[in-house]
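Reading through the structure tokens given below for one structure.
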Amino acid sequence: MATVTKLGEEYPVVIFSKSSCCMSHSIKTLIYSFGANPMVYELDEVINGQQMEKELKALGRKPSVPVVFIGKELIGGPNEIMSLHVKGKLVPMLLKAKAIWI
């Protein structure tokens, strides 16, 4: 879990994704739409992607992607991100993490 957690803390927004996953695409598009520039790790394209996916599952993420870290904190997957967005809490979280500016 050290690799995923460490990578999740290196940037204001980190997304663990798969290039073939439609939910990953939707979450990336949503985050980009606010002007954020997340660090994206495509688990099906990086060398140690299978190990990262195992670590995400060990953190309780099922399915393992997409998973979003904001401000060095594991936020969760699409359900958590969409819930924050609908409640109007996603943008303030991105602002606090200095992922976007207004």
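A short reminder: the numbers here are calculations on the coordinates, not readings from a lab. Everything numeric in this text was worked out from a predicted model, so none of it was measured. For neighbour counting, all protein chains shown are included, and Cβ atoms are generated from backbone atoms with ideal geometry for every residue, glycine included.
If you restrict to DSSP beta bridges whose two residues both lie in the chain, what percentage is antiparallel, to the nearest 5?
Within the chain, antiparallel bridges account for around 65 percent of the total.
Evaluate the charge dipole of segment 21-102 about its Cα centre and quote only its size in Debye, nearest 20, assuming +1 on the Cβ of each Lys and Arg and -1 on the Cβ of each Asp and Glu.
Charge dipole, segment 21-102, about its Cα centre: 360 debye, nearest 20.
How far apart, in nm, are the 7 Å Cα→Cβ label points at VAL86 and THR29?
Between VAL86 and THR29, the label points sit 1.8 nm apart.
Give the relative contact order (percent, whole number) for the chain; include only Cα pairs under 8 Å separated by 6+ residues.
34 percent
Helix 49-58 versus the longest principal axis of the chain: what is the Cα-based angle in degrees, 0 to 90, to the nearest 10?
Value to nearest ten degrees: 70.
For ILE75, list long-range residues whose amide hydrogen, built 1.01 Å from N in the peptide plane, is under 5 Å from its own amide hydrogen.
For ILE75, the qualifying residues are VAL68, PHE69, ILE70.
I'd like the orientation of helix 22-33 relative to the chain: the angle between its Cα long axis and the longest Cα principal axis, in ° from 0 to 90, rounded to 10.
Around 40 degrees separate the two axes.
How much length, in nm to one decimal, is gained on full extension between ASP44 and SER19, taken as 0.36 nm per residue of separation minus their Cα-Cα distance?
Going from the current span to full extension adds 8.3 nm.
Full-extension gain between LYS57 and LEU95, please, as 0.36 nm times their residue separation minus the C-alpha to C-alpha distance.
Stretched out fully, the LYS57 to LEU95 stretch lengthens by 10.9 nm.
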